[in-house]
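Shown next, in structure tokens, is the structure this report addresses.
Laboratory data are not the source of any read-out in this text; all were calculated from the coordinates shown. This is a predicted model, so every value here is computed, not measured. Neighbour counts are summed over all protein chains in view; Cβ atoms, including those assigned to glycine, are modelled from backbone coordinates with ideal geometry.
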Amino acid sequence: MTRVNDGTWRWTVGLGLVLGLVAAWSMPREIQAGDAAEFATIMLGGGVPHPSGYPWMRVLGLGSRALAIGGVPPSLAAALPCSVSAIAGWLLVQRTGIELVRPHPRANALGSLAAALPALCHPVVLHSYDSEVWGPLTLFAGLFMHAAVVARRPPFVLGLLLGLAVTHHLTAVLLVPLAIASAWPGVRESPFPKPRRPTLRGAWLVAKAGLVGILGSAIGLSFFATLCLGTGGRWRWGDTSTWGGLVHHVTRADYGVLALSLHDTRPAASALLLRALTSVGTAVTGGLATSTTVATTVVAILLAMVLWAAIGHRRPRAVLGLWTSGVASTVLFPLAHNIDPMNPFGAWILERFDILSLALLSPPLAVVLSRLTPTTKWRYPWNVATAVAMAMLLAHQVLRTWARGVASDNPTVERYAIDLLRTPPPGQRAIVFGTDDHRTFPAIYAEEILGLGHDVLYVDASLLAHAWYRAWLRARVPALPDVDKPVRMMSEIRRLPAFDGTALYLANVFSRPSAQLATVPEGILLRVISPGEPTPSATEVASRHRAAFERYPARRATDRRRTADPFASDLLGIYADHERALLEWSEASTR
């Protein structure tokens, strides 16, 4: 392992304390939207997440369960292991940057600044310190960068780490250029070496390094097989009990390897690219460059200056490897996305993928800063002025993150899930049909982890197309018909004696057939009126509607605070819409 400058550990500890304080402030006290509720359910109760399976989240779940047993609130218990992983990952990124900057006299400060700027930006803080995959992904990326650049591990170790990283998240494959640059045999470090006549020995060394690295990756990828372990759990996506089912799951066959959603859209490539460049440019400038034009220009200049800085650098392969992986993550990978970046929901989903880009570009950013910073010793007042400017830049980044809102500011999603299960009257058996992750997974979390809604079954209308999901539902309600269409399932349910007295609800209108159903508002749901059922009077509708709202906690999800989460805004809108409906039905009942 290469020895870094004296005092490096003090800078690492300092950055760790800052990130620890930010994590303690931002970690959620209630479950969040996105995949957080699904992962929390599995980490606390077992099972298998959505494709590609994320086996390391199941491992981290062992720590979450221990914390929950110790009295830590469940959502926080699920977020803590992921948050610790994120902090450790950014510290490894910092040490990688310092290694590339040394022996510059301000290597510690420049490497720390280059790591702290992206680590404190809003997308990183919002998504990393939650029960999500992004904190552990940062840890795997940091481990790989440290092994490749600082510790200079052999090809087998690099391949093993790369394989393990891919088992956590498939985007870790973007680390391959850095792996090739680091594992390439030879001691010459020059970005533009003089051409040499190829020899059999040279070809053998290259082939040997490649084969050994591939062997290590294959061993690392075998960790996917742990998804076959266990048959129970609170939530299981797919069937990984067979090799065919495991391959189907790992390869994301339910979505498509590069697809991020079950919905197939074709957004413009320019919009996808500009969104990614704007996000990265805003982060590396501490939130100063927020316009698309300025932020994309900053990223373009940064990428060009990394190539310039590699010339004459003592570790050009490492710099160029990081540059190539960074370009692949920031420029090429976004073009494969199938989610509309102009939609606030889509932008929220896509910004999470910028976290890997920021981690990869942090050490090259440190290298560029070192080339722009004089190596002469600074004297008062320039050293003080520089320290104040750096502190102000980081403070601006934190304040901007605070203003946009973090996970701890958002109680809406969990409160909505709880209110959804409390909407049917106590003792009333009910089945609720709805779509979208911010309804489905929080409802499952509230049912399986919080133990609420014993008489209520939530059914995701879009997942009914999958046989494994219908089997999962029937394991909970054996009499449920095996039907892959939600409205047709409702018709079948009405015909079965086992469901006599069971009320049917819609959480949202999710299709044309569902829009044609006769419904009345009840709390935050829509109660479906069965064919042949007497049409309820306005007085009856208003009474049931009002009673449902009274069953919700006094501090309802109408407390918005500072969350910038579009999913929370969508759920808050349901409360407002149904409160207006309550007023209308109440007025109609008095006529």
Practice problem: Label the range 268-417 by shape, choosing from rounded, prolate and oblate, from the square roots a ≥ b ≥ c of the eigenvalues of the Cα gyration tensor; if a/c is under 1.5 it is rounded, and otherwise prolate applies when a/b is larger than b/c, oblate when it is not. | Solution: oblate
Exercise. Give the long-range amide H neighbours of T519: residues separated by 5 or more places, or on another chain, with amide H under 5 Å away, using H modelled in the peptide plane at 1.01 Å from N.
Key: I529
Quiz prompt | Folded to 0 to 90 degrees: helix 437-448 orientation relative to the chain principal axis, Cα | solution = 70 degrees
Quiz prompt | Integer Hz, Karplus 6.51/-1.76/1.60 couplings in order for the range 165-177, x for Gly and Pro | solution = 5, 5, 5, 7, 8, 5, 5, 5, 4, 5, 7, 4, x
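What is the percent of Cα-Cα separations in the chain that go past 38 Å? Don't skip to the end; give the middle numbers.
Values: 63140 of 174345 pairs.
Cα-Cα pairs of the chain separated by over 38 Å account for 36 percent.
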Practice problem: Give the Cα extents of the range 412-589 along the principal axes, in whole Å, largest first. | Solution: 41, 38, 31
Quiz prompt | Cα-based helix-to-principal-axis angle, 412-422 vs the chain, degrees rounded to 10 | solution = 30 degrees
Exercise. Rank the residues D570, D482 as a footprinting-exposure proxy: fewest other Cβ atoms within 10 Å of their Cβ go first.
Key: D482, D570
Quiz prompt | Shape box of the range 453-530 [Cα atoms, principal axes, largest first, Å] | solution = 30, 25, 24
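By counting other Cβ atoms within 10 Å of each Cβ, how are C82, C121, C228 ranked from fewest to most? Numbers along the way, then the final one.
Working: C82 31, C121 27, C228 17.
Neighbour counts put them in this order, fewest first: C228, C121, C82.
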Practice problem: Determine ³J(HN,Hα), in whole Hz, for all residues of the range 498-512 in sequence, where each value follows from phi through the Karplus function 6.51 cos²θ - 1.76 cosθ + 1.60 and θ = phi - 60°; x replaces Gly and Pro. | Solution: 4, 10, 4, x, 8, 8, 10, 9, 10, 7, 7, 7, 10, 7, 5
Quiz item: Which whole-number percent is the relative contact order of the chain (Cα, under 8 Å, 6+ apart)?
Solution: 17 percent
Quiz item: Any idea what angle helix 538-550 forms with the longest principal axis of the chain, computed on alpha-carbon atoms, 0 to 90 degrees, nearest 10?
Solution: 40 degrees
Exercise. Return the long-range amide H neighbours of L457 (sequence gap of 5 or more, or a different chain), with a cut-off of under 5 Å between placed amide H atoms.
Key: A430, I431, V432
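Okay, helix-only estimate at 222 nm for the chain: each DSSP H run of n ≥ 4 adds -39500 (n - 2.57), divide by all residues, round to 500 deg cm²/dmol; what do you get?
Taking each H run of at least 4 residues, the total per residue is -18500 deg cm²/dmol.
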Quiz item: What are the ³J(HN,Hα) values, in whole Hz, obtained from phi via the Karplus relation 6.51 cos²θ - 1.76 cosθ + 1.60 with θ = phi - 60°, for each residue of the range 305-322 in sequence order, with x given for Gly and Pro?
Solution: 6, 5, 4, 5, 5, 5, 5, x, 6, 6, 10, x, 4, 5, 5, 5, x, 5
